[in-house]
Structures are given as C-alpha cells and as structure tokens.
C-alpha cells in the first residue's frame, strides 16, 4: 500500500460501510451497495485515502498486506483494528487455495477475513452471505495481524476537531463530497450549507453532512465559530468522533 492511514479513520469508514447494510457480492467494496469480506476492508481503506495495490482476495491480503500474522492464542490477544482470518489446512474440507500460491511457503487457505471492532465485548465485523455480520465469539477465527497501511495501532495520539464549516466556492452552486480524497462522488453539497469537520488530512477534510460522511477539499470550506482541538489516545479519540457524528446525525433529523 502506498499511503499510510490512521486507524481511527479506517475504523470510521469501516463503520460507514457497515451502516449502509451492503449485500454480499464477490468483488464488491461497498461503493455500489455490495461487498465481500476483503471488499469491506478495501472499501474502508480507499475511503480513508489509502490504496489497495494488489488482488481483491483474502489470501492475497494475508500474504502481502498484513504484518505480524500469527495464530490467535485467545480473544484477550486481540486488539481493536486488527484483521482476523479463518483458514483451512491442505486436505481439509473446503480447502481451495488459489493456484498462484502453490509454491508459497505458507500452504494455508485464508478463505475469510474480518476486523476486530471491539475486544470487550468481543466484536468481529465481517461481510458474508447475506451481508454484514458481527461475531461475538472466536469460533473459527484462527489468525490475526495488522494491515501494513495502518499508521497507528491504537496507541499514537490524534487531533480530532469539533469545528463546523461553511461550504464555499468561487464558481458553481455545489461542492463535491467524495468517498476518499480524490475518490468517488458521494453527493454534491450546496454552497452555503454547514458541515462538521471530523478529520483533516493533506488538504482534504473528512466531514459530515446530513446522512453522509465523506471528504471535501479544504479550499472549499470556511470554518465558523471556535475550533476546539483535543489530543487524545487513539481509541478515546475514535469514540469521541463516533459520538460527534451520531449527535450531528440526530440533529439533522429533528
């Protein structure tokens, strides 16, 4: 992956895809109302401004985009944001390792992948038939590790803001809201509307407007009121961001 993203941003985008209730489809990444297990992860990475450089597959992910992959000793060994895999050994029922990995030193078939969304209680978010599922027990989840594109693993600080901003433009009546910086179009926000800024990154802002959360160029936003910046541990910051987004969403419907 060519670009590092924050764990908090990744988890936020993961939640947004899950909240859209996509149906299961091989090859889907949440951008068209469908996704599969690895597509849920790829979609969250793309919406966070990252890229996925290789094959759309859990076996590819386990071998190329995950660091520290190891067996799960117990649920206590898991951390929020880690990816977890189900696997089959050669000769096991359902074993179907793609031929491209026939000469790979790891013979396991990592046939399904999910994300640890909570450890107390345990919640593993994944996409399977018919759609988004949350497991509360380890069951067949056997391996865990970190995505190499994640720049923090729940320990580094971040700086969420409670700023609001007004959408502005020198020309035109709307500004594009995108899935990720420079990514696919989600909506067109009218000039003059107010958005809440959740995160800022490389000249882009992650914002909430109505039922949508996406990215807008900072050049098209004029902050209004006082901006309060807090430095918190990453997990606490993520909870603050989620609470802020939920509050704004409720206000929009009143």
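Readers should treat all values here as calculations from the given coordinates under stated rules, not as data from a laboratory. From a predicted model like this one, the values you see are computed outputs, not experimental measurements. So basically every Cβ, Gly included, is an ideal-geometry build from the backbone, and we count neighbours across all protein chains shown.
Here are a few things to note about the model shown:
- Note on region 7-147: Rg/Rh from C-alpha atoms, Kirkwood Rh, equals 0.94.
- Residue 21 paired with residue 173, simple spin-label distance in nm, labels 7 Å along Cα-to-beta-carbon: 3.3 nm
- Relative packing of peptides 39-47, 198-206 - highest average C-beta neighbours within 10 Å first: 39-47, 198-206
- Take 178-189, 131-142 and order them by the average number of nearby Cβ atoms within 10 Å per residue, most first; the result is 178-189, 131-142.
- Rough spin-label spacing in nm, given labels placed 7 Å along Cα→Cβ, for residue 106 and residue 142: 1.3 nm
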